[in-house]
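For reference, the structure is listed below as structure tokens.
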Amino acid sequence: MTLSKKTCLFILCFVTTLMVTGCSTPHHASYGPTSSGMASWYGREFHGRRTASGDRFDMHALTAAHRKLPFGTKVEVTNLKTGRKVVVRINDRGPWTRGRIIDLSYAAAQRIGLARAGSGKVLLRVVQ
């Protein structure tokens, strides 16, 4: 049995697509730099309120809000100005301010030197 050129080309494209998509890692499970952009923080006015995950927000815990990463994901956040790093757990949704990629708890913002400025450029890397 011989296959036509069209059929062979289709099979080749199909197998290549399977290999490429099967080898790629989903965004939420990847390791290494995932994104960079502006971070901000939230604290006292939300302290004790329920987060999107159902947790009570604790401004003194190392947590953060992200629009898409699954709850419980651990993310290393690096302040690109100071080089300081902190690992936070995603437990809320946001930020809802345009141009921001993550909202840190007050404690996390303090650890990397963002609390006083209110916002700053960061690098996010999923670690778990």
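The values are calculated or read from the model by the stated rules, or taken from the named source; none is laboratory data. Please read these numbers as outputs of a predicted model, since none were measured by experiment. For neighbour counting, all protein chains shown are included, and Cβ atoms are generated from backbone atoms with ideal geometry for every residue, glycine included.
From the set of residues in segment 70-128 that are among the polar types (S, T, N, Q) and in contact (Cβ under 8 Å) with a residue 60 or more places away in the chain, which is nearest to GLY54 (Cα to Cα)?
Checked segment 70-128; the qualifying residue nearest to GLY54 (Cα to Cα) is SER105.
Output the residues belonging to segment 45-69 that are of a type in the set (Gly, Ala, Ser) and either surrounded by fewer than 12 Cβ atoms within 10 Å (Cβ to Cβ) or without any contact (Cβ under 8 Å) to a residue 40 or more places away in the chain (or both).
Residues satisfying the conditions are GLY48, SER53, GLY54, ALA65.
Just the residues that are more than 9 Å from the chain's Cα centre (by Cα) and not hydrophobic (A, V, I, L, M, F, W, C), please, taken from segment 59-75.
Selection gives HIS60, THR63, GLY72.
So, restricting to strands (runs of 3 or more DSSP E) that lie completely within segment 39-128, which ones have at least 2 residues that are among the small types (Gly, Ala, Ser)?
Passing ranges, in order: 63-65, 119-126.
Exactly one of (1) in a strand (DSSP E or B); (2) at pLDDT 95 or above is unmet by PRO33. Its number?
(2)
Out of segment 85-125, which residues are among the β-branched types (Val, Ile, Thr) and crowded, with 18+ Cβ neighbours inside 10 Å?
Once the filter is applied, which keeps residues that are among the β-branched types (Val, Ile, Thr) and crowded, with 18+ Cβ neighbours inside 10 Å, segment 85-125 yields VAL86, VAL88, ILE90, ILE101, ILE102, ILE112, VAL122.
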